[in-house]
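> Got a structure for you, questions after.
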Amino acid sequence: MLANAEIGIDLGTANILIYSKSKGILLNEPSVVAYNTETKSVVAVGKEAKEMVGKTPRNIIPVRPLRDGVIADYDMTAQMLKELLKKVSKKSGISMRKPTVVICTPSGSTSVERRAIHNAVKSYGAKNVHLIEEPIAAAIGADLPVDEPIANVIVDVGGGTSEVAIISFGGVVSCKSIRTGGDVMDEEIIQYVRKAYNVLIGERTAELIKMEIGYALIDHPEVTMEVRGRDMVTGLPKTITLSSTEIQSALKESLEQLLETIRATLEECPPELSGDIVDHGVILTGGGSMLNGMQDWLASEISVPVHMAPSPLESVAIGTGRSLKMIQKLQKASK
Ligand SMILES: Nc1ncnc2c1ncn2[C@@H]1O[C@H](COP(=O)(O)OP(=O)(O)O)[C@@H](O)[C@H]1O
Ligand SMILES: [Mg+2]
């Protein structure tokens, strides 16, 4: 008999990843749906839909149904998931007949939303569906010994949200989530360029600026980047040169908020576990943690070691896929 596929899904606010233990990452695409408001139908999902952002005719709108870490649009989320599962099964040749699925939901989601996702995956034909908390998946994916009585701190900087969690014995000891992540950083850059230069830039340009010349709040050799946008006075295209120093100042608020959240979570740490944190430090994961200088900046601010997860954009997906055999143990621990 053919074994049913076992897959892990990271339903992130910015990216969805699908992972199988035997084949690794099967799919990694933006959580974007292009929706036609006239025909009320989905035109494209994933990469294809993201490429349309800011470039589509008026009747086609890009939607990020998970944008703020909550499932704003259940139907859209379910359709996106189904399309992506279809794509994976075509591309990888893995039969999606009755797979066992472990899916990681945004930690801000309510029990109703979790149920909804569960049902969406189930209706696609999954045999068993397990939900897992994001910080635990991230920790497993980053090779941390989550089922030991040792405290691990996970800082996951995603697109719509950031989460800081202390994990021990397979359960979350304490966790804080904020709706500040990479998206807010992009927005801060857009606002800055608008105010300082009277130039409008799009979301995708802002994201590129952040990745190229965005820095956490540390000293660094200044770099610059040429950017194109629309002059708000003349209405014409305009090229400007931005420096990393000015972008750094634009990112200050969201970075400080992240730091505050990390501090507040560490303060809540039970004293018996504090020693572990001094020894093992904090693990950074999520795409936002790849901001230039993030690791050094946080290490200098919180005075405990800060490590980068081996593949920050993938740890949650890898963790969900690997967690199957631990699921029962984890479910017990979280009860
Ligand atoms: N090199 C980088 N520097 C800064 N931010 C990055 C980098 N790479 C990706 N990001 C940001 O990471 C975010 C997506 O991270 P991800 O962990 O996939 O989010 P989510 O889990 O919410 O889907 C986006 O805001 C993206 O702009
Ligand atoms: Mg994530």
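> Could you give the dipole magnitude of the stretch 1-75 about its Cα centre, charging the beta-carbon of Lys and Arg +1 and that of Asp and Glu -1, in debye to the nearest 20?
About 180 debye.
> Give the lysines reachable from residue 86 as a straight Cα distance under 29 Å; neighbours fewer than 8 places away on the same chain don't count.
Candidates past the 8-residue exclusion: 21, 23, 40, 47, 50, 55, 98, 122, 127, 325.
> Name the residue from 254, 323, 214 whose Cα lies farthest towards the positive end of the charge dipole of the chain, charges +1 on Cβ of Lys and Arg and -1 on Cβ of Asp and Glu.
About the Cα centre, the residue reaching furthest to the positive side is 323.
> Near the amide H of residue 26, under 5 Å away, which other amide H atoms are found, from residues 5 or more places off or on another chain, if H is placed in the peptide plane?
The list, which skips near neighbours in sequence, is 18, 19, 20.
> Antiparallel DSSP bridges in the chain: what percent, to the nearest 5?
Antiparallel bridges make up about 70 percent of those DSSP assigns within the chain.
> Can you bin the chain into rounded, prolate or oblate? Criterion: square roots of the alpha carbon gyration tensor eigenvalues sorted a ≥ b ≥ c, rounded for a/c under 1.5, prolate for a/b above b/c, oblate for the rest.
oblate
> Something else: At residue 219 and residue 37, where each label point lies 7 Å from the Cα along Cα→Cβ, what is the point-to-point distance in nanometres?
Distance between the two pseudo-spin positions: 5.1 nm.
> Moving on. Hey, rough spin-label estimate for residue 112 and residue 204, points 7 angstrom out along Cα→Cβ, what's it come to in nanometres?
Those two pseudo-labels are separated by 3.5 nm.
> List the relative contact order of the stretch 167-307 as a percent without decimals, with contacts defined as Cα pairs under 8 Å and 6+ residues apart.
Computed over the stretch 167-307, the figure is 26 percent.
> I would also like to ask the following. Looking only at the stretch 22-139, where both bridge partners belong to it, what percent of the DSSP beta bridges are antiparallel (to the nearest 5)?
Within the stretch 22-139, antiparallel bridges account for around 55 percent of the total.
> Percent relative contact order of the chain, based on C-alpha pairs within less than 8 angstrom and at least six residues apart?
Across the chain, relative contact order equals 19 percent.
> Which length gain, in nm to one decimal place, applies between residue 187 and residue 86 when the Cα-Cα distance is subtracted from 0.36 nm times their residue separation?
Contour length minus the Cα-Cα distance gives 33.1 nm.
> Once R0 is set to 45 Å, what does the formula 1/(1 + (r/R0)^6) return for the Cβ-Cβ distance between residue 236 and residue 264, expressed as a FRET efficiency to the nearest 0.05?
So, using R0 = 45 Å, E works out to roughly 0.45.
> Contour minus end-to-end for residue 195 and residue 59, with contour as 0.36 nm per residue of separation and end-to-end as the Cα-Cα distance?
46.0 nm
> Based on the alpha-carbon gyration tensor of the stretch 140-294 and its eigenvalue square roots a ≥ b ≥ c, which shape applies: rounded if a/c is under 1.5, prolate if not and a/b is larger than b/c, or oblate?
Verdict is prolate for the stretch 140-294.
Every number in this text was worked out from the coordinates using simple rules, so none of it is lab data. Everything numeric here is computed off the predicted structure, so don't read it as measured data. As a convention, Cβ positions derive from the backbone with ideal geometry for all residues, glycine included, and neighbour counts pool all protein chains shown.
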